[in-house]
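Enquirer: What follows is a structure written as C-alpha cells; I'll ask about it next.
The values are calculated or read from the model by the stated rules, or taken from the named source; none is laboratory data. All values derive from a computational prediction rather than experimental measurement. Please note: Cβ atoms are built from the backbone with ideal geometry, for glycine as well, and neighbour counts cover all protein chains shown. For accessibility, only protein heavy atoms count, side chains too; no ligands or nucleic acids. Shrake-Rupley method; radii C 1.70, N 1.55, O 1.52, S 1.80 Å.
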Amino acid sequence: MKVEIEQESDGRWIAEIPSLPGAMAYGQTRGEAVAKAEALVLRILADKLEHGESVPQITDVFSVPV
C-alpha cells in the first residue's frame with residue numbers, strides 16, 4: 001500500500017494511505033507519522049476481515065518513499 005507523506009506548515013508530518021479513504025495519521029516526526037498510519041491500516045484491515053468485508057489485494061504491505 002502506497003504511503004504519501006507531507007510536512008504541514010506547523011511542522012507536523014502527515015502520512016496518508018490513498019487506497020483507504022480516511023487512513024491518515026499525524027506525527028511529530030516523519031517516522032512517527034508513518035508508523036501510526038501503518039498501525040491504523042492494519043487495524044482497518046483486521047476489522048474488515050472480522051466483519052466479512054472485502055479487503056484490497058495486497059502484494060507489498062507498505063511502500064514508503066525515501
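Enquirer: Calculate the spin-label point distance for Glu8 paired with Glu32, positioning each point 7 Å from the Cα along the beta-carbon direction, and give it in nanometres.
Expert: Each label point lies 7 Å from its Cα, and together they span 1.2 nm.
Enquirer: For the chain, what is the accessible area per residue in Å², given a 1.4 Å probe and the full set of protein chains?
Expert: Each residue of the chain exposes 68 Å² on average to a 1.4 Å probe.
Enquirer: Something else about it: Under unit Cβ charges (Lys, Arg +1; Asp, Glu -1), what dipole magnitude, rounded to 20 debye, does the chain have relative to its Cα centre?
Expert: 80
Enquirer: Give the peptides 35-43, 7-15 in descending order of average Cβ contacts within 10 Å, highest first.
Expert: 35-43, 7-15
Enquirer: Here is a further query. Tally up the carbon and sulfur contribution to the accessible surface of the chain as a whole percent, 1.4 Å probe, everything protein left in place.
Expert: Result for the chain: 52 percent of the exposed heavy-atom area is carbon or sulfur.
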